[in-house]
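Accompanying notes for the structure given below.
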Amino acid sequence: MQSINYNLTGTVFDIQRFSLHDGPGIRTIVFLKGCPLSCQWCSNPESQSIKPVMMYKRDECIHCGRCINVCKVGAISPENENWIDRETCTSCGECANACPAGALVSKGKTMSVQQVIRELKKDATTYRRSGGGITLSGGEPLVQYEFASEILKASKGQGWNTAMETTGIGTVEAVEQVIPYVDTVLLDIKHMDPEQHKRFTGAGNEVVLKNAPRITKISDTVIRVPVIPGFNDSPEAIREIVAFAKTLTGIKTIHLLPYHSFGENKYELLGKDYELKHVKPLNPEDLTECKAIVEEYGFRCVIGG
Amino acid sequence: MLAKGFTEPTERIQKLKRAIVDAVPYVESERAVLVTESYKETEGLSPIMRRARAAEKIFRSLPITIHDNELIVGAITKNLRSTEICPEFSYEWVEKEFDTMATRIADPFRIPKETAAELKEAFKYWDGKTTSALADSYMSQETKDCISNGVFTVGNYFYGGVGHVCVDYGKVLKIGFTGIIRQVMEAMAKLDTSDPDYIKKKNFYEALIITYSAAIQFAHRYAEKAREMAAVCLDATRKAELLQIAANCDKVPEQGATNFYEACQSFWFVQILLQIEANGHSISPGRFDQYMNPYLAIDKGISHEFAQELVDCVWVKLNDINKTRDEVSAQAFAGYAVFQNLIVGGQTEDGLDATNEMSYMCMEAVAHVKLPAPSFSIRVHQNTPDEFLYRACELTRLGFGVPAMYNDEVIIPALCNRGVSLADARNYCIIGCVEPQCPHKTEGWHDAAFFNIAKVLEITLNNGKAGDKQLGPITGDITSFTNLEQLLEAYKKQMEYFVYHLAEADNCVDYAHAERAPLPFLSALVDDCIGRGKSVQEGGAFYNFTGPQAFGVADAGDSLCAIKKHVFENKEITMEQLKEALDHNFGDCCDKTCSATESTDEDRIYEAVKRILSNNGSINLADLQAQLSKPQKEVSGNKEDYAQVKRILENTPWFGNDEDEVDMIARRCGQIYSYEVEKYKNPRGGQFQAGCYPVSANVLFGKDVGALPDGRLAKTPLADGVSPRQGKDTNGPTAAAMSVSKLDHANYSNGTLYNQKFLPAALAGDDGLKHFASIVRSYFDHKGMHVQFNVIDRDTLLAAQKDPDQYKDLVVRVAGYSAQFTVLAKEVQDDIISRTEQTL
């Protein structure tokens, strides 16, 4: 019997039910905090920091001042452009607890494995009926790998299908502790050129390319490519990624994810700039040529995942 | 491929459908004139005999109409989609609309001058003689006060026949009307003259024989007409068809049916005779696949295509039936709805899966005809074949909201809990909107009242007052309350008072129907009227219920949760602050309510609807005007404070997100209502049972409810049925369904109604069908009772863009990412709208 540490805690920023695209059936996604990358197109910018971050929803604020009184570091003032001075804020979350209107929200909550499983259980019947299960996402789940591993083990113990979205960036130890408990890995390969990768994501791709064979040897893996205009939407860039996928064990399917800007409004709530403001979202039909390349190599290609 | 697609209907069906769609509905006078003549002739006879003589006269004299292309014949009116009038229930509102009914916006009916004159003459007789006049005379002032203050209404059966029944179509198919007459004769032969009820029973049996003899003649008149038409028909094909129709009508429903065509014709005669006898709506065909399939099975000569065409013909015919309502109700229930519920699938009486070939043919008919009738439903149980459920999901994906899906695993035990035998419960069908009953053994009185749970909460918050009137008992000033239990205790006491009066109101109307409108044609088709020797209205059915339906459960639950969190627990606002904010509608002064003279169309309509829906005569219009003209309380300088209170209240977990904290409060709010309802008995010897569904009353009666602690502004719509409040379920459809399933549906044995919205993208492809089916299965695993799906179209997305508050629950799922539609930037929304068009 494998023991599971249900009391281990980690930082979760969202649990989203009724997901249809991140593994088989109907799924619940657990979003874990912390990511080694900061991709310019990231649709979950609140996930990047391992610590909780404060979101301020201007429209919900009733200007009652309760948050100002509870802030220990004086980071909140009506004088501030975005209510919170991000430099001073320690993300302790006291203001969110005090906010009666829900205008201040702490993105990032400490939860135990047990608490996470309790939330996931709410849709257990749906997993059973649909052949679905749970998906870990982030952030990068390999950052909090011990926590991720316990959630996955506990989920397997419930008989649920498990999946994980990953950038592939993590230590060997992390990969070995997490991947064996994942039924389907959704592995992002964003670019084969380390320089380009670094420019758009904040880090090189060396670790990704080293981890890819390790991951695909252990678990069923789907390669995912977020197709971003000006970054990797050229036939050459796609071809290089697909050729790399060909060298890996057991890859059958490649997902091409057309760029979307659903995350844009979150940047404002976080007081951040969105660098791809002027990039137009792609439609599935924009990826026809890329799809042909994927299929040329004998892979099944799904647009949109 | 899981999806099989649907075939195109035949040319005949397309023409028949076109004729229905293009028809201009008329009000016709024949029935009203005939029933009036008959009643003048039968003064002094017993009520049941008067009804029999009236039915006899109508069945023998109502005009006979056969339309082009028809294979199944029989019509209530000369013109398509037209209506007869039943003045014996009520008539005043028809008279008022003689000049305007043809030109009104919703559901217009033409009334030619001669028709109006004939009706006017007939109506003269009925002054003081209608069921509504009698019911009104029975009701206490306290009960009328509850009605006029919008706590509940019993308008449905106050103004018309009861309807809401599923009769023994199978018996007619098998033994015909002569077989029924034989049954009656046998029962009569067994009568013992020493039985104290001998005279009454003998009278009843004679009434049945008179009625059924005339009903046979009604069909024979169609045979005669078809032969006349055949004689002069130049088209050889049509001539042959007409001769076949004549042969059918000679034989059925007088005799049992021997093939599928005769079975369809026989079914149809029963369906219209019921609706000629009286005007109650929701005359539901019930388990059509169960009683029709045997005739398809024995009919070796018939092709599948012709059998399908006959089913399609029945479907079109169901849309020929129409009823007029007053101008305002017509706006509220626009679309000429008559709620003939037809259900397929489910179990046999001994618990085996009952899905058959006809079940699938009915789905095909729905896709062929694409008209509102019948209200199409399916039954789902643990052994329902996946193929059947996938097919139903495929039908839903066509996007017109059918089928509604019902859960055997909840409804069967719920009915057993009300004393229905297991075999009978397994045989249940659905009446009207969502009401389960054992067919042809039940007088369910399903639409007995609309009951406004949110109004009871509002009255509780005002210590028993509605406006300035002390309507309910004094249960304590809420500012003295310190915890949720005290509030719930007060709410329970108010509930006791209002349900007590609800029962009184319903029973007054019940008595009126027993005394003035016992229905012989209907009664022979409901067991065990013949055995007991009395009509359905007098308690002849095996199972008797009265089923009032509530709405506003989510409003009550959300409101109490908001008070618990922000007043009792976090103490962010005081009860005084809350009370004041509510009294001032959170500072939102609505100008139009301040002046009665400038009442908008909407207000005018609302008042009229209320008048119709509630008890006629009990509302003093002058009082209403006075109430309306009362100036709104002055919004003082602290308008902003009220808005702040509202914002704080709105930061509460809402029902519909799978949060026990609030779901369990909503559950209790509903249970307190339903446990109270089931304490009462009706005059037919049956029990009251609660339902939780709104038709569209949640919008109308929302106008009677002031601001609520869940942040809802005065006069805005309430939650429908068991659904979460509009736009408040933001955790996705599975979380919403789980919340809804916590309401203890088995308790609401008069039915619950849950609406879910979906985007086509979420249901696309074979995966979509599988997801869809698994959502249904898992909601039903959690003991949900009913669900129906609206597949959202582009228009909905556009509406959501305009009015984001109402659509916060709308989650779009495109390309591996999902988001609440309303929080996205406009351009992104536009993008999704254009993508949605593609997936459609």
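The values are calculated or read from the model by the stated rules, or taken from the named source; none is laboratory data. These figures come from a predicted structure and were not determined experimentally. Because the Cβ atoms are built from the backbone with ideal geometry, glycine has one as well, and the counts that use them run over all protein chains shown. Calculation scope for accessible area: heavy atoms of the full protein, side chains included, ligands and nucleic acids excluded. Shrake-Rupley method; radii C 1.70, N 1.55, O 1.52, S 1.80 Å.
In percent, what relative contact order does chain B have, based on Cα pairs under 8 Å that are 6 or more apart in sequence? Over chain B, the number comes to 14 percent.
About its Cα centre, region A:53-107 has a charge dipole of approximately 180 debye under the convention of +1 per Lys or Arg Cβ and -1 per Asp or Glu Cβ, with nothing else charged. To the nearest ten degrees, helix B:198-231 and the longest principal axis of the Cα atoms of chain B are 70 degrees apart. A loss of 50 Å² or more of accessible area (1.4 Å probe, protein heavy atoms, ligands and nucleic acids excluded) relative to the isolated chain is seen in these residues of region B:760-777: B:His771, B:Ser774. Inter-chain neighbour count for A:22-34: the average number of beta-carbon atoms from partner chains within 10 Å of each residue's beta-carbon is 2. Which aspartates and glutamates, on any chain, are close to B:Lys679 with Cα under 19 Å apart, when same-chain ones fewer than 8 places away are left out? Counting by Cα, and skipping residues close in sequence, B:Lys679 has these aspartates and glutamates nearby: B:Glu443, B:Asp447, B:Glu489, B:Glu496, B:Glu504, B:Asp506, B:Asp510, B:Asp744. Remark: relative contact order (chain A) = 19 percent; criterion is Cα-Cα distance under 8 angstrom and separation of 6 or more residues.
Site pair B:Lys826 and B:Glu357 shows an inter-label distance of 5.9 nm when each label is modelled 7 Å from Cα along Cα→Cβ. Only Cα pairs under 8 Å and 6+ residues apart enter the sum, and on that basis the relative contact order of region A:92-185 stands at 26 percent.
To the nearest 10, the accessible area of B:Tyr500 is 130 Å² with a 1.4 Å probe. Label separation (B:Asp145 vs B:Thr482): 3.3 nm, computed from points 7 Å beyond Cα along the C-beta direction. Only lysine pairs 8 or more places apart, or on different chains, with alpha-carbon atoms under 23 angstrom apart are counted in region B:64-189, and they number 9. About its Cα centre, the protein assembly as shown has a charge dipole of approximately 1120 debye under the convention of +1 per Lys or Arg Cβ and -1 per Asp or Glu Cβ, with nothing else charged.
Place a point 7 Å from Cα of B:Leu2 in the direction of its Cβ. Which residues in region A:18-50 have their backbone N less than 12 Å from it? Under 12 Å, as judged by backbone N against the label point of B:Leu2, lie A:25-26 of region A:18-50. The accessible area of B:Thr178, taken with all protein chains in place and a 1.4 Å probe, comes to roughly 40 Å².
When all protein chains stay in place and ligands, DNA and RNA are ignored, the 1.4 Å accessible-area order of A:Lys198, B:Lys202, A:Lys266, largest first, is A:Lys198, B:Lys202, A:Lys266. Sorting the segments B:569-579, B:147-157 by their residues' average number of neighbouring beta-carbon atoms within 10 angstrom, most packed first, yields B:147-157, B:569-579. Placing A:Thr90, B:Thr546, B:Thr475, A:Thr247 in order of accessible area, with the largest value first and a 1.4 Å probe, yields A:Thr247, A:Thr90, B:Thr475, B:Thr546. Solvent-accessible surface of protein heavy atoms, probed at 1.4 angstrom with all chains present, puts B:Cys146, B:Cys433 in the order B:Cys433, B:Cys146, largest first.
Measuring heavy-atom accessible area with a 1.4 angstrom probe and counting protein chains only, the residues of region A:118-141 that give up at least 50 Å² relative to the chain alone are A:Lys122, A:Thr125, A:Arg129.
Take each residue of peptide A:261-268, count the partner chain Cβ atoms within 10 Å of its Cβ, and average: the result is 4.
Of the GluC sites (Glu not before Pro) found in region A:206-305, those that fall in a DSSP loop while having at most 14 other beta-carbon atoms within 10 Å are A:Glu275. Using a probe of 1.4 Å, the accessible surface attributed to B:Ile431 totals some 0 Å² when neighbouring protein chains are kept in position. Buried surface for the A/B pair, taken as the accessible area of each chain alone minus that of the pair with a 1.4 Å probe, is close to 3200 Å² in total. Among the protein heavy atoms of chain B, carbon and sulfur supply 50% of the accessible surface, probe 1.4 Å, non-protein parts ignored. Relative to the longest principal Cα axis of chain A, at what angle does helix A:206-218 sit, 0 to 90 degrees, rounded to 10? Helix A:206-218 sits at roughly 70 degrees to that axis.
Here region A:53-107 has 43 percent of its accessible surface on carbon and sulfur atoms, given a 1.4 Å probe and all protein chains in place. Evaluated at q = 0.08, 0.09, 0.10 Å⁻¹, the base-10 log of the normalised Debye intensity for chain B, with identical point scatterers placed on the Cα atoms, takes the values -0.70, -0.90, -1.11. For region B:105-205, the set of GluC sites (Glu not before Pro) satisfying both a DSSP loop assignment and a count of at most 12 other C-beta atoms within 10 Å is empty.
Note on region A:113-259: with neighbouring protein chains present and a 1.4 Å probe, carbon and sulfur make up 47 percent of its accessible heavy-atom surface. Computed over the protein assembly as shown, the quotient of the alpha carbon radius of gyration and 2.2 N^0.38 Å is 1.02. To the nearest ten degrees, helix B:553-563 and the longest principal axis of the Cα atoms of chain B are 10 degrees apart.
Ordering of A:170-179, B:452-461 by packing is B:452-461, A:170-179, highest average first (other Cβ atoms within 10 Å, averaged per residue).
For the peptides B:554-561, B:434-441, A:211-218, residues were scored by their other Cβ atoms within 10 Å and the scores averaged per peptide; the highest-first order is B:554-561, B:434-441, A:211-218.
Note on region A:53-107: Cα-only Rg and Dmax are 9.6, 24 Å. Per residue, the solvent-accessible area of chain A (1.4 Å probe, heavy atoms of protein chains only, all protein chains present) comes to 43 Å². Mean partner shielding of peptide B:733-739, defined as the number of other chain Cβ atoms within 10 Å of each residue Cβ, is 5. Per-residue ellipticity at 222 nm, computed for chain B from helices alone with -39500 (n - 2.57) per DSSP H run of at least four residues, works out to -15000 deg cm²/dmol. Rounded to the nearest 20, the size of the Cβ-charge dipole of region B:661-806 about its Cα centre is 400 debye, with Lys and Arg at +1 and Asp and Glu at -1. Calculation over all alpha carbon pairs of region B:107-263 in 5 angstrom steps from 0 returns a P(r) of 2, 7, 9, 9, 10, 12, 14, 14, 9, 7, 4, 2, 1, 0 percent. Given the -39500 (n - 2.57) contribution per DSSP H run of 4+ residues, what per-residue ellipticity at 222 nm results for chain A, rounded to the nearest 500 deg cm²/dmol? Helix-only estimate at 222 nm: -8500 deg cm²/dmol.
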